[in-house]
Every structure is written in structure tokens, then in C-alpha cells.
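The values are calculated or read from the model by the stated rules, or taken from the named source; none is laboratory data. Keep in mind the model is a prediction, meaning the values are calculated, not measured. Positions of Cβ are backbone-derived with ideal geometry, glycine not excepted, and every protein chain shown enters the neighbour counts.
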């Protein structure tokens with residue numbers, strides 16, 4: 001991986017962290033609100049089904065996680081286990097794609 | 001200890017009048033012996049007034065064991081050659097008074113971390129300085145001796161940033177204290193990056209394009225976790241963390257502009 005890509009990964013992780021900070025606050029407030037008004041699947045689905053706003057919000061949330069977590073994990077694996085090179089990059093890319101796939105599937109499930 | 005060159009602190013008796021401290025007459029000093037593998041050897045050393053850790057090491061070498069290897073030169077905090085790990089923290093031994101680090105009369109002296117040990121308290125600093133070269137720590141100007149002096153206003157923002165980081169004497173304390181250096185042996189480290197930052201802010205220098213490429217990425221400034229151990233322990237009170245943050249900004253901008261080579 002060339003230096004420019006490494007720098008772009010670092011920038012992407014910081015940018016996704018900023019997005020995650022906002023998403024987490026909205027998510028936590030929503031959880032507290034949901035619990036106080038009776039925690040049930042029906043109520044949650046009633047809020048999210050057909051709502052483009054919630055679908056867009058959770059899509060951004062999922063994509064931010066899918067960018068942020070694998071880049072961080074790449075650093076952790078390199079620093080803790082000395083794992084470097086293409087094998088590591090492929091592994092975290094697979095993780096990122098898995099997070100996107102599972103996350104968007106969950107968003108779709110509460111939307112339709 | 002008969003030879004004392006350090007000047008006494010104001011209000012204290014002169015060095016030649018040093019005498020045993022009333023509350024503890026001796027120090028128990030554990031000193032690393034060997035290379036990468038080795039052991040601590042314990043020495044009993046008289047405790048004196050205004051005694052530094054370097055005084056203790058010198059006392060051991062001159063009086064108790066002449067085979068002890070250690071490195072020093074100026075004894076006044078100018079050369080940066082006497083840095084060692086004292087009770088677990090990297091310090092200049094010449095500027096560290098026993099009173100500050102061994103109140104209980106116990107001292108453990110080891111070579112600097114993150115550097116190969118040559119013998120006893122002497123580390124091989126070549127890797128440390130090679131990284132200064134890798135970070136393009138050499139000044140590269142565009143003028144000759146026939147040109148006039150460059151005039152850099154002392155109050156200009158770039159000059160102030162360079163001034164804030166320029167007093168590094170290359171002692172290796174920050175490098176030895178850095179967790180990321182321990183985890184990533186190819187990481188350039190705080191001192192080399194701090195040096196690069198001074199040149200990034202040197203308006204006379206013409207090598208910044210290559211320099212920013214050299215200090216960016218996984219082995220460069222972007223590996224820093226901002227633990228700030230370097231800044232906390234720098235004996236010269238510099239802030240390499242701030243320099244590294246500056247490099248992160250400069251390289252991120254260069255990257256987005258497509259100016260980052262490599």
C-alpha cells in the first residue's frame with residue numbers, strides 16, 4: 001500500500017469518527033426514548049418501517065462503522081501481532097465488506 | 001567523589017563540601033549489566049548532597065567496578081548523551097537529582113528502551129539517527145554562500161512554530177518513552193518527526209515535498225497515537241506531539257492535493 005493510500009485511510013478514519021460521534025448520540029438518545037415509551041419490536045418497527053429518514057440515518061451509521069472499525073483493527077493487528085502487508089489489508093477489507101453487508105441488511109430489515 | 005564540575009544550585013553548599021545526607025547514608029543502586037540479555041547488579045553508593053544520577057554511575061565506575069560501561073560528555077544537559085532509564089523512566093542522568101527519584105534510597109538504572117544495548121548502560125543510537133535521515137531531517141536550501149542572508153521575521157507564524165521545536169539535542173528520551181516505537185520498530189519516532197516539522201516551517205528549505213512524503217503513512221506521523229509520553233518526558237520541555245500533529249495536518253492536505261509522492 002502506497003503512502004498516499006495510508007494517509008487517505010488515516011483521514012477516512014478521522015472523518016468517520018466525526019460522523020460516528022453524531023450518529024452515536026442520536027442512536028443513544030433514541031434508545032433511551034424507546035425504553036421509556038415501552039420497548040417492543042412493534043414500536044421500533046413502527047418508527048423505522050417506511051421511514052426514509054431513519055433508513056438514511058442508519059445507512060450512514062453502518063457505512064461509518066464499516067470505514068472506521070477495519071482501519072482501527074488494521075493498526076491494532078499491526079502493532080500487537082506485527083501483522084503487515086497485503087494479507088492484513090485483504091483481511092480488513094473483507095471485514096469492511098462484511099460489516100457493510102450485514103449492516104445494510106439490518107437497515108433493510110427494519111425499513112421494509 | 002572528588003571531582004565535581006556541576007555548579008551548585010543557589011542556596012546549597014558548594015559541591016566540594018558535599019556530605020552524607022542525614023536521613024539516608026547510602027543508596028542501593030541496581031545497575032543493568034550485559035547486553036540485551038543480562039541482569040541487574042546491586043551496588044551500595046554513598047548518598048551525597050546535590051548528587052545526580054550521573055554522579056552515582058560515575059562513582060560506581062570509578063570506585064567500585066571500572067568495567068561498567070556508560071556514556072556521557074557535557075554533564076550539564078547540553079549534549080544529550082547520558083540519557084538512561086532511571087527507576088523505569090527515561091531521563092537525562094546529569095540533570096536528575098537523586099532527591100527527586102530515590103527518596104527511599106533505592107535506584108534502578110538501565111539503558112534506554114527501544115534501542116539495542118551495546119553493553120551495560122550504553123545503547124546503539126545509530127538506528128535512532130538513521131530515522132532522522134529517513135525523515136529528511138537535513139536542511140536543503142536554494143542559495144549559495146554568495147547570496148545574502150535570508151531574513152525571516154522572528155514573529156512570523158512559521159518561524160514561531162520552528163522555534164518551538166528547534167531546541168532538540170537528540171538525547172533519545174522521547175524515542176525511548178514512545179509506545180508506538182516499541183510496537184512498530186519502523187516508526188520514525190518523535191525526535192525525527194519533530195526535526196522534520198522544524199524544516200517544514202523553515203521558509204528557506206526547498207525539500208518539503210519529499211519530506212512530507214517521507215514522514216507520512218504507517219511508519220510516519222500517522223502512526224502516532226497521541227499518548228504524549230514524548231512530550232511529558234522531554235527534558236528540554238519540547239512538545240513532539242504538537243509537531244507530529246502539525247505534520248499530520250500538512251501531509252493530509254498534501255495528500256488531498258495529490259502532492260504526496262511515494
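Residue by residue through region B:239-262, note down the ones that are surrounded by 15 or more Cβ atoms within 10 Å (Cβ to Cβ), outside any loop (DSSP other than H, G, I, E, B) and at the interface with chain A (Cβ under 10 Å from one of its Cβ atoms).
Answer for region B:239-262, where residues must be surrounded by 15 or more Cβ atoms within 10 Å (Cβ to Cβ), outside any loop (DSSP other than H, G, I, E, B) and at the interface with chain A (Cβ under 10 Å from one of its Cβ atoms): B:248, B:251, B:252, B:254, B:255.
Considering only region B:134-149, I want to know if a residue exists there that is within 29 Å of residue B:47 (Cβ to Cβ) and surrounded by 13 or more Cβ atoms within 10 Å (Cβ to Cβ).
no
Return only the number of the condition from (1) within 14 Å of chain A (Cβ to nearest Cβ); (2) under 19 Å from the mean Cα position of the chain (by Cα); (3) part of a loop (DSSP other than H, G, I, E, B) that residue B:235 does not satisfy.
Here residue B:235 meets the rest and fails (1).
Between A:74, A:86, A:49, which is touching a helix residue (DSSP H, G or I) at 6+ places or on another chain (Cβ under 8 Å) and within 14 Å of chain B (Cβ to nearest Cβ)?
Within the list A:74, A:86, A:49, the selection yields A:74.
In region A:6-31, what residues are facing chain B (nearest Cβ under 8 Å) and touching a residue at least 40 places away in the same chain (Cβ under 8 Å)?
The answer is A:10, and nothing else.
Go through region B:123-137 and report how many residues are touching a residue at least 12 places away in the same chain (Cβ under 8 Å) and assigned to a loop (DSSP other than H, G, I, E, B). Break it down stepwise before answering.
Step one: list which residues in region B:123-137 are touching a residue at least 12 places away in the same chain (Cβ under 8 Å), which gives B:123, B:125, B:127-129, B:131-132, B:134-137.
Filter again for assigned to a loop (DSSP other than H, G, I, E, B), leaving B:125, B:135-137.
Adding up the residues that qualify gives 4.
Within region B:31-77, restricting attention to residues that are loosely packed, with under 13 Cβ neighbours inside 10 Å and under 27 Å from residue B:170 (Cβ atoms), which residue is modelled with the lowest pLDDT?
B:36
So which of A:80, A:5 ends up being within 25 Å of residue B:179 (Cα to Cα) and surrounded by 11 or more Cβ atoms within 10 Å (Cβ to Cβ)? Before the answer, list the steps.
On the way: A:80 fails: surrounded by 11 or more Cβ atoms within 10 Å (Cβ to Cβ).
None of the others qualify; the one that does is A:5.
Residue B:160 passes all but one of (1) over 24 Å from residue B:75 (Cα atoms); (2) surrounded by 13 or more Cβ atoms within 10 Å (Cβ to Cβ); which number fails?
All conditions pass for residue B:160, except number (2).
Quick check on region B:172-179. Is at least one of its residues free of Cβ contacts under 8 Å to residues at least 60 places away in the same chain, part of a loop (DSSP other than H, G, I, E, B) and either more than 12 Å from every other protein chain (Cβ to nearest Cβ) or buried (at least 18 other Cβ atoms within 10 Å of the Cβ) (or both)?
no
Can you go through B:214, B:219, B:223, B:182 and tell me which one is under 23 Å from the mean Cα position of the chain (by Cα), surrounded by fewer than 16 Cβ atoms within 10 Å (Cβ to Cβ), touching a residue at least 12 places away in the same chain (Cβ under 8 Å) and within 14 Å of chain A (Cβ to nearest Cβ)?
Of B:214, B:219, B:223, B:182, the one residue that is under 23 Å from the mean Cα position of the chain (by Cα), surrounded by fewer than 16 Cβ atoms within 10 Å (Cβ to Cβ), touching a residue at least 12 places away in the same chain (Cβ under 8 Å) and within 14 Å of chain A (Cβ to nearest Cβ) is B:182.
Somewhere in region B:62-82, is a residue under 22 Å from the mean Cα position of the chain (by Cα), under 21 Å from residue B:118 (Cα atoms) and not in a loop (DSSP other than H, G, I, E, B)?
Within region B:62-82, not a single residue is under 22 Å from the mean Cα position of the chain (by Cα), under 21 Å from residue B:118 (Cα atoms) and not in a loop (DSSP other than H, G, I, E, B).
Which condition does residue B:203 not pass, out of (1) crowded, with 20+ Cβ neighbours inside 10 Å; (2) on the phi < 0 side of the Ramachandran plot; (3) in contact with a helix residue (DSSP H, G or I) (Cβ under 8 Å, 6 or more places away or on another chain); (4) more than 9 Å from chain A (Cβ to nearest Cβ), if it passes all the others?
(1)
Residues of region B:88-122 being farther than 15 Å from residue B:176 by Cβ and assigned to a loop (DSSP other than H, G, I, E, B), which ones?
Across region B:88-122, the qualifying residues are B:94, B:95, B:102, B:103, B:104, B:105, B:120.
Please state which one of B:87, B:114 is buried (at least 18 other Cβ atoms within 10 Å of the Cβ) and not assigned by TED's automatic domain parsing to the domain that holds residue B:211.
Answer to the selection: B:114.
Name the one entry in A:66, A:34 that is away from every other protein chain (no Cβ under 14 Å), assigned to a helix (DSSP H, G or I) and at pLDDT 95 or above.
Answer to the selection: A:66.
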